[in-house]
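First the structure, in the form of structure tokens, and then the observations on it.
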Amino acid sequence: MELSYALGQAMTGVFSQQVVSVRFLMHVDRYAARHGIRFTPNTRRHADLFGE
């Protein structure tokens with residue numbers, strides 16, 4: 001894992017908890033099928049994370 005990626009994930013976690021009060025973050029690609037999240041075929045760009 002690249003250091004910049006790890007730092008970005010850590011900062012995202014801190015921001016999510018402290019600024020927008022999101023306690024749990026989940027990676028969209030990992031949970032998309034389970035939760036019925038679908039993306040249009042011509043759109044490759046989407047959020048990496050969603051939270052609860």
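The values are calculated or read from the model by the stated rules, or taken from the named source; none is laboratory data. All of these numbers come straight from a predicted model, not from anything done at the bench. Cβ coordinates were reconstructed from backbone atoms using ideal geometry, including for glycine residues, and neighbour counts include every protein chain displayed. These area figures cover heavy atoms from the full protein model, side chains too; ligands, DNA and RNA do not enter into them. Shrake-Rupley method; radii C 1.70, N 1.55, O 1.52, S 1.80 Å.
Scanning segment 1-19 for residues that are over 14 Å from L49 (Cα atoms) and β-branched (V, I, T) yields a single hit, V19. For segment 8-19, a residue qualifies if it is free of Cβ contacts under 8 Å to residues at least 24 places away in the same chain and either open to solvent by less than 100 Å² (accessible area, probe 1.4 Å) or touching a helix residue (DSSP H, G or I) at 6+ places or on another chain (Cβ under 8 Å) (or both), and the qualifying residues are G8, Q9, A10, G13, V14, V19. Among the residues of segment 20-42, those that are assigned to a helix (DSSP H, G or I) and either in contact (Cβ under 8 Å) with a residue 60 or more places away in the chain or open to solvent by less than 80 Å² (accessible area, probe 1.4 Å) (or both) comprise V28, Y31, A32.
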